[in-house]
Amino acid sequence: MKKHNFSAGPCILPAEVFQQASEAVLDFNNSGLSILEISHRSKDFVAVIEEARNLALELLQLDNNKYTALFLHGGASMQFLMTPHNLLEKKAAYLNTGTWASKAIKEAKLFGEVIEVASSEDKNFNYIPKNFEIPTGIDYFHCTSNNTIYGTQLKSFPKSNAPLVCDMSSDIFSRDIDYSQFDLIYAGAQKNIGPAGTTLVIINKAILGKVSRKIPSILDYKSHIEKESMFNTPSVFAIYTSLLNLRWLKKQGGVSALAKINKHKAELLYAELDRNPLFTPYANKEDRSLMNITFNLANPELSHTFDALWQQAGINALNGHRSLGGYRASIYNALTVESVQLLTEVMQELENKA
Ligand code: PMP
């Protein structure tokens, strides 16, 4: 029986995407060849990567003359260093909202001055700092839209004259925001895009070419743009599966349709967490993530009973990140309302038993 997968990533994808991807492993496009054995330069794969790049921009309603989409290697972690390498001439400003933001800051410091405009570390990142100022004269401002580990999410983004760079690994394609306020977006594929192994990078081309340092070709966004995301052999299977997922997303009615369902799922779960005295939500109420819902048991001694209940119900991966403990329900695009309902029922069952 298929499990209800609440994993934070790699994570659930739609059943039809798993089906189509598995068919392509045996026979891609009735070619008599597997997707795993075709050349990335083949006509069929060139069509795949072109469609995936265009569809990513279309779903985010971004102008494909201004922006370009790339599928790169190295995960979001590679982008922690590629962004400063390509954009940081003197100084950049960063908002520190958790582990991933801290890692981005660490890499940026290798390339120039980093101003940490605010941090929520004082409360172990359970909130999003507000009312901070973005200094002038910076090369860009960097933030993390959704903090996968702590379950916090930026509800709005600061305005400044500097380019806005955002790590959107865990909430891209999940909510209805104006994506054109960003100049560079990056996201590891393994949540709302596709399987692990590729990273979507979306760039406003006008922000490139402003640093004086020499950039090694493979780390230079311009090389990847010139080669149409085929500077070296791309992750063929991960990109194909991402395309299948983006097609699925379009068929559902696009980002705004999914955003409504995601909001509904999150409301269901937060309502139960707020109602049920056995649970304490982790994140500050106004900063709650709609993708990763973090919580604890009010009485940790109930963990054995709770763990047994959700595991028996066919739920997978409800444990919190190893650095934070507690619980985390990741409710990405492909997770159904029924799975969330099941989890709330398990929480009620615990209440009845306790
Ligand atoms: N940023 C965020 C917000 C993440 O959630 C993650 C991974 N879960 C990363 C960066 C790191 O991604 P990767 O493993 O693709 O390098």
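The values are calculated or read from the model by the stated rules, or taken from the named source; none is laboratory data. Keep in mind that what you see is a predicted model, and the values were worked out from it rather than measured. FYI the Cβ positions are ideal-geometry reconstructions off the backbone, even for glycines, and counts take in every protein chain you see.
Quick look at the numbers
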item	result
Boolean, THR233 is within 16 Å of the ligand (Cβ to nearest atom) and within 15 Å of VAL48 (Cα to Cα)	no
Residues of the stretch 1-28 satisfying the condition of being assigned to a loop (DSSP other than H, G, I, E, B) and surrounded by fewer than 14 Cβ atoms within 10 Å (Cβ to Cβ)	MET1, LYS2, ASP27
Long-range neighbours under 8 Å by Cβ, at least six apart or interchain, first residue farther than 12 Å from TYR221 by Cα and at pLDDT below 95 within the stretch 67-91, second basic (Lys, Arg) and within 11 Å of the ligand (Cβ to nearest atom)	none
Tally of residues being among the polar types (S, T, N, Q) and outside any loop (DSSP other than H, G, I, E, B) across the stretch 127-185	7
Tally, over the stretch 161-181, of residues that are touching a residue at least 60 places away in the same chain (Cβ under 8 Å) and either among the charged types (D, E, K, R) or within 24 Å of THR136 (Cα to Cα) (or both)	9
Index of the failed condition, ASN292 passing every other in (1) in contact with a Gly (Cβ under 9 Å, 6 or more places away or on another chain); (2) under 30 Å from ASN161 (Cα atoms)	(2)
Residue identified as surrounded by 15 or more Cβ atoms within 10 Å (Cβ to Cβ) and more than 16 Å from the ligand (Cβ to nearest atom) among PHE141, PHE125, PHE71	PHE141
